[in-house]
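The values are calculated or read from the model by the stated rules, or taken from the named source; none is laboratory data. Note that the structure is predicted; figures quoted are calculated from it, not measured. Every residue, glycine as well, gets a Cβ built from its backbone with ideal geometry; the counts of neighbours run over all protein chains shown. All accessible areas refer to the heavy atoms of the entire protein, side chains included, with ligands and DNA or RNA removed. Shrake-Rupley method; radii C 1.70, N 1.55, O 1.52, S 1.80 Å.
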Amino acid sequence: MCVTCGCGEGEVRIEGEAAAHVHVHVHADGTRHVHEHTHAHEQAQPHAHAHQHEHEHEHTHDPAPAHSHAPGVPPARMVQIEQDILAKNNAYAARNRQALAERGMFALNLVSSPGSGKTTLLCKTITLLGATPVAVIEGDQQTSQDADRIRASGAQAIQINTGKGCHLDAHMVGHAMAQLKLADDALLLIENVGNLVCPAAFDLGEAHKVVILSVTEGEDKPIKYPDMFRAASLMLLNKIDLLPHLSYDVDAAIGYARRVNPQIRVIQLSATSGEGMGEWLAYLRDGMAQAHAAKAQTVASLQAQIAQLKAQLEVQLQTRPNAPA
């Protein structure tokens, strides 16, 4: 699992600039240390690691997992390392989720195999939403082509390039959110790196994961990659305009998805023909309305608490000895 191999460390860039990241170093003796910093150089340079860095950080030493470059660690310890890394990611995700909730924003994490049609679907969605405020975080290993396509569709977008990394994480997304001009009550769509394995394990702070399966893929993808379909709340069965030209069993694909996740919702659609897009847009608008309502409820609750505290303070002042009339 990539949470222990450290894939793509030091290669994350946001809009072409090196991003601060959690850096994991595995030493020859099997220990590892973790710190967060930004590389100023163009390419990651090897570290001698005599623990004499020009920047300060706390070190956490743990044995490396068996499948990393320091073999020999028991499986139980490898699992613990994975849990530690995911716990750190979950802490960042919680911060992202709180920031989104405070702004009344509805965020989705779109995941799929490469070539499922995510970006085309997003461009069509942005066009159909019209004046609805939308922001997009694009995740790819290299290039800004998808972010450029999103901007051309009329929405603001920011590109995260993960280098050798195979997924986005909550820390990257938090940095991207800070750079976007996010409007209150807006829609935030996060297009993850094309991969049906690792993104399943990483919470980004989204309201829901949305897995996109195109009819040009196998019907059995859900049972081949069950973690992803189990983690998703919604499956979009995409490119259904191609069904007349394919021998694709839609019922089988949906059945496999519900075998691993009985609660998963399914929308069949095509960004090309427009079929099913109305249901997809209704899902987005409903999610945005719920996020706005939750924010309004939180604000009302806080205002009520403030009013109650003010009333209590006034009573205390009036009952104090020598209180002014």
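Here is a yes/no grid of residues against (1) open to solvent by less than 50 Å² (accessible area, probe 1.4 Å); (2) assigned to a helix (DSSP H, G or I):
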position	(1), (2)
Pro222	yes, yes
Asp227	no, yes
Arg258	no, yes
Gly274	yes, no
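Residues of the range 229-246 being over 19 Å from Gly115 (Cβ atoms) and either without any contact (Cβ under 8 Å) to a residue 12 or more places away in the chain or not in a loop (DSSP other than H, G, I, E, B) (or both), which ones?
Within the range 229-246, Arg230, Ala231, Leu234, Pro244 meet the criteria.
Please give the strands (runs of 3 or more DSSP E) falling wholly within the range 97-206 in which 1 or more residues are in contact with an Asp or Glu (Cβ under 8 Å, 6 or more places away or on another chain) and small (Gly, Ala, Ser).
On the way: elements: 106-112, 134-140, 156-161, 187-191.
So the answer is 106-112, 134-140, 156-161.
Does His171 count as open to solvent by 10 Å² or more (accessible area, probe 1.4 Å), of a type outside the set (S, T, N, Q) and in contact with a helix residue (DSSP H, G or I) (Cβ under 7 Å, 6 or more places away or on another chain)?
In short, yes.
How about the range 97-129: which of its residues are closer than 17 Å to Ile160 by Cβ and open to solvent by 60 Å² or more (accessible area, probe 1.4 Å)?
Pro114
What are the residues in the range 161-213 that are closer than 11 Å to Gly139 by Cα and either without any contact (Cβ under 8 Å) to a residue 24 or more places away in the chain or small (Gly, Ala, Ser) (or both), if any?
Matches in the range 161-213: Gly163, Gly165, Ala176, Gly194.
Restricting to the range 130-147, name every residue that is among the β-branched types (Val, Ile, Thr) and either over 16 Å from Gly163 (Cβ atoms) or at pLDDT 95 or above (or both). I'd like the intermediate steps shown before the answer.
Let us first name the residues in the range 130-147 that are among the β-branched types (Val, Ile, Thr), namely 132, 134, 136-137, 143.
Listed by number, the residues that qualify are Thr132, Val134, Val136, Ile137.
Within the range 279-292, identify whether any single residue is open to solvent by less than 60 Å² (accessible area, probe 1.4 Å), in contact (Cβ under 8 Å) with a residue 12 or more places away in the chain and farther than 18 Å from Leu108 by Cα, and answer yes or no. Give the steps one after another, and end with the answer.
Residues of the range 279-292 open to solvent by less than 60 Å² (accessible area, probe 1.4 Å): 280-284, 287-289, 291.
If we keep only those that are in contact (Cβ under 8 Å) with a residue 12 or more places away in the chain too, we end up with 280-281, 283-284, 287-288, 291.
Those still in the list that are farther than 18 Å from Leu108 by Cα too: none.
No: zero hits.
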